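Worksheet: one structure, shown below.
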Amino acid sequence: MNLYLLQHPQSWLSNLDSRTKLAVFFVYVLAVLSTKPGAYLAWLSLTGLLLVLLALARLQIRWIVFRLAPVLPFVALGAFGVLLGGSKEMFLQVTVKMLLCVGAAVWLSGTTPFTQLLEAFRKLKVPPLLTVMLSFMFRYLFVLAEEAVRMSRAYQSRCPRRQTLKDAENIGRLAGALMLRTYNRAERIYLAMLSRGFTGEFRTLSVQKLTFADIAFLAFFVGSVTVILVATH
Amino acid sequence: MRVREAIRVENLHYRYPDGTYALKGVSFCVGEGESVAIVGPNGAGKTTLLLHFNGILRGSGKVFVFGEEVTSRNLLAVRKLVGLVFQDPDDQLFMPTVLEDVAFGPLNLGLSQEEAVKRAINALEMVGMSYAANKSPHQLSFGERKRVAIATVLAMEPKVLVLDEPTANLDPRSRRQLLSLLRRLEVTKIVATHDLDAALFLCDKAILMDDGQIVAIGETREIFSDEALMEAHGLEVPPSILALQSRSD
């Protein structure tokens with residue numbers, strides 16, 4: 001896979017505080033969701049605004065497509081469901097709103113690494129239990145995936161025949177073994193945390209700071225959204 | 001001049017909840033500035049013993065760190081003095097980025113954000129990993145993760161560095177880099193390892209354990225040269241000593 005597709009392209013947006021980008025994302029999503037059915041001019045303006053954001057983030061088209069691809073089938077499924085049960089107008093509205101919101105999520109993921117988002121969540125007083133769980137999930141998802149691949153290879157090398165229903169039982173056992181390993185690892189991680197003075201309160205670094213550029217960008221963005229919504233009302 | 005005691009263990013016993021006796025009356029002393037290897041076959045109780053040095057496990061018997069007995073009241077102070085590096089760096093590195101991980105210990109010691117970052121950067125420089133500060137641990141090679149794991153402990157400025165199998169699973173170049181890094185560190189070191197050549201390189205003193213007991217304590221080279229002793233406890237005379245012996249013959 002092209003390494004570029006896995007990286008976060010650098011732009012001046014990269015230097016903004018992740019709270020600013022999270023706020024921009026939520027303001028944009030709320031603005032999209034607040035539009036009424038048939039608000040074509042508003043949708044067009046909001047699409048234009050999203051394109052400006054994507055251009056500012058210096059995200060290339062293939063990067064955007066790469067990030068959109070896993071989500072699009074779900075968008076299509078949702079839209080198809082609405083088409084079956086509702087009017088064409090409703091279908092258009094749901095499809096446009098979904099696409100714009102997913103586009104905004106792609107912009108957020110392109111400008112803000114997950115580690116910075118976690119810091120934003122912490123600073124925005126999201127319950128620590130949730131942020132710590134997300135942080136551990138992000139850190140250990142890769143370790144767990146590698147472990148699962150190793151176990152699967154070991155299984156396949158001792159089970160060269162074509163997979164049958166009988167294998168489902170073995171795969172279930174494999175999943176059980178993986179869970180037990182995860183449990184053991186969790187214990188070792190906790191011991192490592194205790195060794196470094198962990199006493200129950202999760203203290204973390206605060207790397208990002210709000211600057212004048214953050215406030216100016218957020219103010220300009222909120223202003224643009226307000227103008228679009230008022231002008232197209 | 002009398003060497004100050006860094007770690008003293010007196011008649012330490014430990015039994016796991018499943019009933020396995022891991023330690024059966026272990027006693028020894030490590031002086032400040034010494035480098036001591038703990039060797040022995042699998043299941044000898046090496047890792048269990050290491051986990052007692054900073055109070056992670058608490059068996060019956062006594063463990064003293066710089067003269068102070070480890071109790072539930074002084075755990076934080078003890079963990080500041082004794083830094084433990086686990087065998088698998090994926091257990092040690094649990095934060096999303098390297099810098100956050102290395103700063104985790106200093107923040108728990110109550111240091112300010114600025115001081116924690118300063119310590120983290122210094123520790124990363126010591127292990128030659130400054131370039132990885134903003135990376136996620138999963139983006140690093142195993143050898144790099146190992147060095148960062150050591151940095152996480154160095155950032156707490158411990159007086160005793162305890163390492164569990166530091167060279168396990170490393171390729172020769174990473175192993176060599178890690179060993180010279182460890183040798184440069186001027187702290188008391190206790191190293192549990194199967195890598196006897198590494199033990200020879202790092203430690204003047206060795207403790208041979210088997211079945212939860214200490215079988216021999218003495219000069220590393222002397223213990224490792226004793227073929228009968230080594231074979232009786234599931235070990236072998238390391239190749240470097242064999243080579244020297246065959247040359248002298």
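The values are calculated or read from the model by the stated rules, or taken from the named source; none is laboratory data. As the structure is a computational prediction, the values presented were derived from the model and not from experiment. Positions of Cβ are generated from backbone atoms using ideal geometry, with glycine treated the same way; all protein chains shown enter the neighbour counts.
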Open item on the list: Please go through segment B:123-140 and give me each residue that is of a type in the set (Gly, Ala, Ser), within 13 Å of another protein chain (Cβ to nearest Cβ) and more than 23 Å from the chain's Cα centre (by Cα), ordered by number.
Closed with: B:Ala133, B:Ser136
Open item on the list: If a residue counts only when it is buried (at least 21 other Cβ atoms within 10 Å of the Cβ), which helices (runs of 4 or more DSSP H) contained entirely in segment B:191-249 have at least 2 such residues?
Closed with: B:196-202, B:220-225
Task: All positions within segment A:65-123 that are of a type in the set (Phe, Trp, Tyr) and either modelled with pLDDT of 90 or more or closer than 30 Å to A:Ser206 by Cβ (or both) - done: A:Trp107, A:Phe114, A:Phe121
Task: Filtered residue count, segment B:3-17, keeping only those that are part of a loop (DSSP other than H, G, I, E, B) and not hydroxyl-bearing (Ser, Thr, Tyr) - done: 3
Task: Conditions (1) in contact with a strand residue (DSSP E or B) (Cβ under 7 Å, 6 or more places away or on another chain); (2) not in a loop (DSSP other than H, G, I, E, B); number of the one not met by B:Met156 - done: (2)
TODO: Filter segment B:79-94 for residues that are more than 7 Å from chain A (Cβ to nearest Cβ) and surrounded by 24 or more Cβ atoms within 10 Å (Cβ to Cβ) and give the result.
DONE: B:Val82, B:Gly83, B:Val85, B:Leu93
TODO: Just need a number here: residues in segment A:133-149 that are surrounded by 11 or more Cβ atoms within 10 Å (Cβ to Cβ) and either over 25 Å from the mean Cα position of the chain (by Cα) or more than 13 Å from chain B (Cβ to nearest Cβ) (or both).
DONE: 1
- [ ] Please verify whether segment A:85-103 includes one or more residues that are under 30 Å from B:Asn134 (Cα atoms) and among the β-branched types (Val, Ile, Thr).
- [x] yes
Task: Among the candidates A:Phe138, A:Phe91, residue that is under 30 Å from B:Asp88 (Cα atoms), in a helix (DSSP H, G or I) and free of Cβ contacts under 8 Å to residues at least 40 places away in the same chain - done: A:Phe138
Open item on the list: Anything in segment A:180-199 that is among the small types (Gly, Ala, Ser) and facing chain B (nearest Cβ under 9 Å)? List them, or say none.
Closed with: A:Ala192, A:Ser195, A:Gly197
